[in-house]
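Taking it in order: structure first as structure tokens, then the write-up.
Nothing in this text is a laboratory measurement; each read-out follows from the coordinates by a stated rule. Just so we're clear, the structure is a prediction, and the values are computed from it rather than from any experiment. All Cβ positions, glycine included, derive from the backbone under ideal geometry; neighbour counts span all protein chains shown.
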Amino acid sequence: MSGQKQLYSLQQARGLAAIAVVAFHLSIMMTLPRYLGQELFMDYTRRGNLGVDFFFVLSGFIIIFAHSRDIDHPERLRNYLARRFVRLFPVYWLYVGIFCALVAMGFGTSATIPDTFGGWISTIALVRLDRFTFPIAPAWTLVHELAFYLVFALLIVGKRLGMAVFGLWMAACLLLRPYPDYDDWTSWTTYFSPLNLNFLVGMLAFYGWRHGRPAIVKSMFPAGLLLLAAVYVLESGGMPYSQLQIAYAVSFGLLIAGAAALESAGQWPSRLRLLNLIGDASYSIYLTHLAVMGLLGKIAIKIAEYLPISQELIFLLVFVGTIVGGCLAHLIVERPLITACRRRVSSKKPALAT
């Protein structure tokens, strides 16, 4: 199992999670007066933000999948840091730079750029220093990702050191469990958020897939679906998300481990080219979707003044256009930029493939 270089099932799952997040934000956007001022498909998209929970679990799985052999080998730290840096920062910096430039020129209805030194440091370095909304709002999740990458780096420096620090971090997140309001993130509610436990769930899912009996691990996929449905029903019945967040994470871990096992056994449809592409483009989709859907929404609503286009069709056109826009950004911007960065960073050591 561990010899596999890529798992298409996980790329496809990443694509589905990106689609869910886009649909969630689009439903919210369409309720704003400057767009349609109407709820559209909210019954179907209202928990699409769980795509973020899924991304964190998947990240834990992928990092240990890609770097399990680097643990306790400090000589491999430089390569690990280079790979994570190239994957996270260059594309983000380019997108946020373009976004901030456009906002500074007066584009964007409600978009803002940092107005404090701490805000700029947070934006550039992806660290949470104070309360503010990132120029690219979904970038708040990258702060969690970066924290996880840095703690995982300690496992590479030394297994005992890394396990001790990682264990203390997970224990603090489990015991303290600060849940922030949507617009009230702080360093405390970021670095000790129970969402960080999702990374641990993803790592455990990897070890379950790698060391478990194939028949049992494959059964985790339907078990994950059942658990996800049960947790969703409980939340719909009034139980707060804060009490169900870990259960959601476990359901995602089961799904990921089960899908990986099914693919390893040749029982997963790997040639779903469109979904594979969306999965590959998920980072660009995630970072650009709010800006793209805002632009497309205004264009579609303007066109609807002259053509008989229903509100539902406007939603679908903007939704599809946002996904297509993210895929184009991936093909035209993200992939060439990452390839160029990898070649530059790996000029002395050629193995930088994710």
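Each Lys and Arg Cβ is given +1 and each Asp and Glu Cβ -1; about its Cα centre, segment 33-107 then shows a dipole of about 200 debye. With respect to the chain, whose longest principal axis is taken over its alpha-carbon atoms, helix 159-176 is tilted by about 50°. A crude spin-label estimate for the pair residue 304 and residue 215, with each label 7 Å from Cα along the Cβ direction, gives 5.5 nm.
The slack between residue 125 and residue 88, meaning 0.36 nm per residue of separation minus the straight C-alpha distance, is 12.3 nm.
Mean separation of Cα pairs under 8 Å and 6 or more residues apart, divided by the residue count, gives segment 263-347 a relative contact order of 40 percent. Think of it as helices only: each DSSP H run of n ≥ 4 in the chain is worth -39500 (n - 2.57), and spread over all residues that comes to -22500 deg cm²/dmol at 222 nm.
Just want to confirm a number: the relative contact order over segment 86-146, from Cα pairs under 8 angstrom separated by 6+ residues, in percent.
Details: 43 pairs, mean separation 16.2, N = 61.
Computed value for segment 86-146: 26 percent relative contact order.
Among the listed values (i) 164; (ii) 139; (iii) 151, the one computed from these coordinates for volume of the Cα convex hull per residue in Å³ is (iii).
When Lys and Arg each count +1 and Asp and Glu each count -1, what net charge do the other residues less than 14 Å away from residue 258, Cβ to Cβ, add up to? All intermediate terms of the calculation are to be shown ahead of the outcome.
Details: positive: 210, 213, 218; negative: 263.
Here the charged neighbours net out to +2.
With a ≥ b ≥ c taken as the square roots of the eigenvalues of the C-alpha gyration tensor of segment 73-181, please select rounded if a/c is under 1.5 and otherwise prolate if a/b is larger than b/c or oblate if it is not? Verdict is oblate for segment 73-181. Between residue 232 and residue 44, residue separation times 0.36 nm minus the direct Cα-Cα distance comes to 66.5 nm. Each Cα pair under 8 Å and six or more residues apart adds its sequence gap; the mean of these over the residue count of segment 8-345 is a relative contact order of 26 percent.
Taking the C-alpha atoms only, the angle from helix 282-303 to the longest principal axis of the chain is near 10 degrees. Helix 335-345 axis versus longest C-alpha principal axis of the chain: approximately 40°, rounded to the nearest ten.
Extents of segment 105-153, taken as max minus min of Cα coordinates on every principal axis and listed largest first, are 41, 20, 17 Å.
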